Structure formats: structure tokens, C-alpha cells
Amino acid sequence: RPPPPSRRPLLAAVHATLIAPHVETLLERGLDTLVHEGRADDLRRMYVLLGHVGAHRRLRDAWSAHIKRVGAELVLDTERDKTLVSDLLELKATCDRLHAHAFEKSESFGYALREAFEAFINSRQNRPAELIAKFLDGQLRAGVKGTSDEELEGTLDRVLTLFRFINGKDMFEAFYKKDLAKRLLVGKSASIDAEKLVISKLKAECGAGFTNKLEGMFRDVELSSDLMATYRHAVAAGRLPQSEVELSVHVLTMGFWPAYPPTELKLPPFLAQLQERFAAFYLHKHSGRRMQWCHALGHCLVRGAFPLGAHELQLSLLQTTVCLLFNDADDLSLSEIADATGIEDKELRLTLQSLACGKVRVLSKQPKGRDVEDHDTFSFNTELSHKLYRLKINSIQMRESVAENEQTAERVFVDRQYQIDAAIVRVMKARKTLSHALLMSELFSQLKFPLKPTDLKKRVESLIDREYLERDTSNPQMYRYLA
């Protein structure tokens, strides 16, 4: 039978008496614990109860505030940088589960969740973008064990969800491109299919302009593979001289790849001759181009005949150049090695340190010690013994340093200046005359990376000095565009 007419007003009175006065108490004392412990069933009961008194909005705001507070604690704690991305993924998974099971996939609660993540993840500028790029690098590197293709794709999707919340996507791009370059050039990528999957997802998220350089890097690697096949065919056919050294070269388009500072290096004569031979072959096919060799990125597989057993050594080109000196000399001083190789002093000391002071010591150093001093002498290590045939000698100079990260960030800041200048000129060309406040408002809406008003003001002053703009003589707060 139908419910009695008194049921609805009676329930309303009960709700108004038993629930409405206690909404704030429930939210203040109960919500944090329930969310922290992931108690979806209890949160669902709270959601239903508060819905009876029209308090969903206050519940949503309290939930959003909780996420912002917990997220900000994670992001702003520099001690947790190593696990930050994993912690954020775990937080996002918990919040998604609560959104689905406790809050019935409410659209307003979903929006609050996204808004909260965007707010706290950008409370610390640039660093989260860098760490997300580093996390992806770790996932895409060869050597990540126990991960199936499906699990990897699921992880990539979750990480790219965090990427959506970042304002400074150009900072992510810079660090991702730098890590991608190392994976491609040193052969450390676990799967080219996974690499291309990430690029396609970034392209769908940010547009073709964002991934143009990344796609160009893949094209360069593929073209280099075809080029080397042609070169080897020419050698096999007798059109080029044979060599005992097997050469592999990546020809990179400068605009696509990170900037690599030139490294001074005097190659051994047979390697220099091989390099010149390839350069002549390439420039004959592509006249008008200019080649610049990046010795710091080169790596070699060298066979070493040690008294206790032969080994293959995986070395950088700088390490190889140093080691080959000992084919013709028993002992060499630091200054003699410097004169023979032409390597810059700091780089040479790091190279020798990796060869003579690491776990696997190809060279012996006298006197012994962890650091390379001015009067040290080096010799071929006749006592090297190892159970493995192929040995990888880690290059200290290839380890990522704080200075290298700072240089990458600095390049992003320089690029941002150009983007700000272009945006100012674009707006002023369209408007001709504009007030300072309206120009600032327009720039904040157009530019998608973190901005400070002082940065924008400096760029405006720069454009005035370069006569792109001028101030109105009667009102200094007005700018005019100069054609």
C-alpha cells in the first residue's frame, strides 16, 4: 500500500533534527579518518545521510580540502622526492575508488577531485613535472623486471593522468626529451612500441606541436639505421676501405635533440681516420650539410687481453681513448694523458676515476686513493680478474648531476621568455592599445606555464627597449603597439 502522507514531512523533521545540526561535526571529526583509511562503505553512508539535508556541497568541499592538504604535504616535502610520483599515483587510485564507490561517481565530486589535484601538484613549481618525466624514464628503461606490456600500459596511463594536472608541461617535455635521448642513443629503451605509445598519448593530450621534436628523434634513429646499412653495404662492396673496427653512427637533427656541449678529444689515428671516412661518405650523399661530432655520447665495445683472462669492456668514447694509450705505454702521468687525449681537466679526472677507482679497475693508480690528484700515475691493471666476460665500466661523467638538471631547467626558462615575448606582441598587434591590467589578464589566460607578474613586467620592459611597444605619454599604464 502507498506510504502514509505523513511519512515525508516526518522524515524531513527527523533529518532536520538528527542530521542537519551535526553536519559540521561529522565533516570535521569524521571525514579525514574515513578518507585516510579508505572506508568507502562508511563514506557512502555519510554521502547518503548528508544528501537528505542538502549538504553534498559541504561534503564535496571538505573532501577537496582534505585532498589538497594531503597532496600538498607530499609535494612540498623535499625528502619524499624519490617516491613522490608513486605516492601521488597511490593517492589518485584511492581517491578514484572513493569517488566511484562512496560518492556514486558524482560529476561535481569528480570535478572537485581534479581541481584539488591540479591545485596541490602546482603548489611547487616545475619539480613535479621533472619527477614525472624521471618516473617515466625509469618505467621505459631496459631492465625493469616483472612487468608485462598490459601492466606497463596501465602504469603509463596513470602517470599521464598526473601529467594532465601540470601547468608547466614545457618543463616535463625538456626532461623527458633529455631522458628519451639517452635511452635511444645508448640502447637502454625496454620497448620502442612502449616509447611510441607514450608519444601518441602525449600527442592526443597536448597536440602535434608538443610531440613534434620527440617524433623527430625517432625518425632520426630510424634514418640512421638505414644510413648505416647503406654504409656497411658500400664497405662490403669494396667502394669504401675495410676496417677492423665496426662503426655505428647516429646522425641527429640538431633542432630535435637536447643541446650537447662539444667535448674536446684527440681521437686515436685509426678512429679519427674512420670518422673522417664516414663524414666524407655522408656529405657526399647530403651536400651542403655540416656535421658536429658529439664525443661525449659515444660508446665502445673494447676487447682487453688481461693476463688473468680476456674481457670485453663496455666503455664511453672518452674512456676508450684513455685506455688505448696503454697499448703503447706502461705508465702515464695525468699530464701526459691530458696532452695525448686533449680531454678537459675536470672531465679527464672523472674519466680516470671511473677507470682506476671503481669496482672494476681497468687501470691501476699510484698512489692509491678515491680521487685523482695532479701527480698520480696510471698503468694497465695486470691483476684484473672477474667471473663475467663482458664488463660495463660506469662513466661517472654520464651520471646525472644537479648542474645538468639546472641547465635543463634554465633552457626551459629561456624558451619561456621567447613565448612570453611572442604572446605580448601577438596580443598588442591585435589590440593596438591596451592597459597594463588587461594585457596581464590576457597573457595569464594564453600562457600555460607558471607565471609571475614580475616576469611579465620584465618582458614588457624588454619589448619597450627594443621598440616593439611604447608607453602612452599621458597614461603610463597604457601600452601602444609599434608597427
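The values are calculated or read from the model by the stated rules, or taken from the named source; none is laboratory data. Keep in mind it's a predicted model, so treat the numbers as computed, not measured. All Cβ positions, glycine included, derive from the backbone under ideal geometry; neighbour counts span all protein chains shown. Please note that ligands, DNA and RNA were not included when accessible areas were found on the heavy atoms of the full protein model with its side chains. Shrake-Rupley method; radii C 1.70, N 1.55, O 1.52, S 1.80 Å.
What length, rounded to one decimal in nm, is gained on full extension from L247 through to Q125, with 0.36 nm per residue of separation minus their alpha-carbon distance? Don't skip to the end; give the middle numbers.
On the way: separation 122, 0.36 × 122 = 43.92 nm, distance 4.36 nm.
Contour length minus Cα-Cα distance gives 39.6 nm.
Would you kindly calculate the translational diffusion coefficient of region 126-186, applying Stokes-Einstein with the Kirkwood radius from alpha carbon pairs, for 10 °C and a viscosity of 1.306 mPa s, and quote it in µm² s⁻¹ without decimals?
Numbers: Rh = 12.1 Å.
Calculated translational D: 132 µm²/s.
F306's amide H: which non-local residues (gap 5+, or another chain) put their own amide H closer than 5 Å, with H modeled 1.01 Å from N in plane and none for Pro or chain starts?
Answer set, sorted by chain and number: H311.
With θ set to phi - 60°, apply the Karplus curve 6.51 cos²θ - 1.76 cosθ + 1.60 along region 467-481 and write out the HN-Hα couplings as whole Hz, x wherever there is a Gly or Pro.
Values per residue, Gly and Pro as x: 6, 8, 10, 8, 7, 5, 5, 8, 9, x, 7, 10, 10, 10, 7 Hz.
Given S435, Y468, P453, which one lies farthest toward the positive end of the charge dipole of region 428-478, if we put +1 on the Cβ of every Lys and Arg and -1 on the Cβ of every Asp and Glu?
Going by the Cα projections, it comes out as P453.
Would you list the P(r) distribution for region 3-135, with all Cα-Cα distances sorted into 10 Å bins from 0 and each bin expressed as a whole %?
11, 38, 27, 15, 6, 3, 0
Can you spot the aspartates and glutamates whose alpha carbon is less than 16 Å from K177's alpha carbon? Ignore those fewer than 8 places along the same chain.
Qualifying aspartates and glutamates at Cα under 16 Å: E130, D137, E195, E215, D220, E400, E404, E406, E410, D415.
Amide H of V251: which non-local residues (sequence gap of 5 or more, or other chain) have their own amide H closer than 5 Å, using H built in the peptide plane?
The list, which skips near neighbours in sequence, is S224.
What spacing in nm lies between the two simple spin-label points modelled at E470 and Y111, each 7 Å away from Cα in the Cβ direction?
Result: 4.7 nm between the two label points.
Give the accessible area for S335 in Å² (nearest 10); use a 1.4 Å probe, count only protein heavy atoms, and leave out ligands, DNA and RNA.
Per-residue accessible area (S335): approximately 70 Å².
Return the percentage of antiparallel bridges among DSSP beta bridges fully within the chain, rounded to the nearest 5 %.
90 percent
Taking the convex hull of the alpha carbon atoms in region 226-337, what volume per residue do you get, in Å³? Spell out each step's value before the answer.
Details: hull volume 16.0 nm³, N = 112.
Taking only Cα atoms, region 226-337 has a hull volume of 143 Å³ per residue.
Work out the FRET efficiency for A93 and A72 from their Cβ-Cβ distance, taking R0 = 22 Å, and round it to the nearest 0.05. Could you put the intermediate results ahead of the total?
Details: r = 19 Å, r/R0 = 0.84.
That gives a FRET efficiency of 0.75.
Cα axis of helix 192-206 to longest principal axis of the chain: angle in degrees, 0 to 90, nearest 10?
40 degrees
Which whole-Hz ³J(HN,Hα) couplings does region 90-102 yield from phi under the Karplus relation 6.51 cos²θ - 1.76 cosθ + 1.60, θ = phi - 60°, glycine and proline marked x?
Working through the residues one at a time gives 5, 4, 5, 4, 4, 5, 5, 5, 5, 4, 6, 8, 9 Hz.
Of M228, H250, V159, which is farthest towards the positive pole of the chain's charge dipole, taken about the Cα centre with +1 and -1 on the beta-carbons of Lys, Arg and Asp, Glu respectively?
Comparing the listed Cα positions along the dipole, V159 ranks first.
Using a Cα-Cα cut-off of under 20 Å, which lysines could be cross-linked to K387, ignoring same-chain neighbours fewer than 8 residues away?
By straight Cα distance, K387 reaches K359.
Could I have the simple spin-label model distance between M228 and L240, label points 7 Å from Cα toward Cβ, reported in nm to one decimal?
Inter-label distance under the simple model: 1.2 nm.
For an R0 of 25 angstrom, estimate the FRET efficiency from the Cβ-Cβ distance between M440 and E215 and round to the nearest 0.05. Mind dumping the intermediate values first?
Working: r = 35 Å, r/R0 = 1.39.
The value I calculate is 0.10.
Take S224, S364 and sort them by solvent-accessible surface of the protein heavy atoms, 1.4 Å probe, largest at the top.
Working: S224 5, S364 30 Å².
Descending order: S364, S224.
Using the Kirkwood formula over every pair of different C-alpha atoms, what hydrodynamic radius in Å results for the chain? Could the numbers behind the result be given before it?
Numbers: mean 1/r = 0.0359 Å⁻¹.
In the chain this quantity evaluates to 27.9 Å.
Which value, in Å², gives the accessible area per residue of the chain when a 1.4 Å probe is used on the protein heavy atoms? List each step's numbers first, then the result.
Numbers: 27520 Å² over 483 residues.
Per-residue value: 57 Å².
Would you mind checking the radius of gyration and Dmax of region 144-260 based on alpha-carbon positions, in Å?
Rg, Dmax (Cα atoms, Å): 17.5, 57.
Note the full-extension length gain between A338 and E28 as 0.36 nm times their separation in residues minus their Cα-Cα distance, in nm to one decimal. Provide the component values of the computation, followed by the final result.
Numbers: separation 310, 0.36 × 310 = 111.60 nm, distance 6.83 nm.
Additional length available on full extension: 104.8 nm.
What would the Debye equation give as log₁₀ I(q)/I(0) for region 425-483 at q = 0.12, 0.26, 0.28 Å⁻¹, counting only Cα atoms as equal point scatterers?
-0.25, -1.20, -1.36
Subtracting the Cα-Cα distance from 0.36 nm times the residue separation, let me have the gained length for L301 to R390 in nm, one decimal.
Working: separation 89, 0.36 × 89 = 32.04 nm, distance 0.91 nm.
Result for the pair: 31.1 nm of gain on full extension.
I'd like the accessible area for Y389: 1.4 Å probe, protein heavy atoms, all chains in place, Å² to the nearest 10.
The accessible area comes out at roughly 110 Å².
Of the listed pairs K92/K196; K68/K182; K134/K196; K182/K203; K432/K457, which have alpha-carbon separations greater than 27 Å here?
K68/K182
I need the calculated FRET efficiency for the pair F413 and K266, taking r as the beta carbon distance and R₀ as 25 Å, to the nearest 0.05. Present the calculation step by step, with values, prior to reporting the outcome.
Working: r = 36 Å, r/R0 = 1.42.
E(calc), rounded to 0.05, equals 0.10.
For the charge dipole of the chain, defined by +1 on Lys and Arg C-beta atoms and -1 on Asp and Glu C-beta atoms about the Cα centroid, which residue among A55, G187, Q314 has the Cα displaced farthest towards the positive pole?
The Cα lying farthest towards the positive end belongs to A55.
Could you sort F172, F413 by accessible area so the largest value comes first, with the probe set to 1.4 Å? The partial results should precede the final answer.
Numbers: F172 0, F413 80 Å².
Order by accessible area, largest first: F413, F172.
Once the other residues with Cβ under 15 Å from the Cβ of C206 are scored (Lys, Arg +1; Asp, Glu -1), what is the net sum?
Working: positive: R164, K169, K177, K201, K203, K213, K448; negative: D170, E173, E205, E215.
Neighbourhood net charge equals +3.
Under the rule of at least 5 residues apart or a separate chain, name every residue whose amide H is placed under 5 Å from the amide H of A190.
R141, A142
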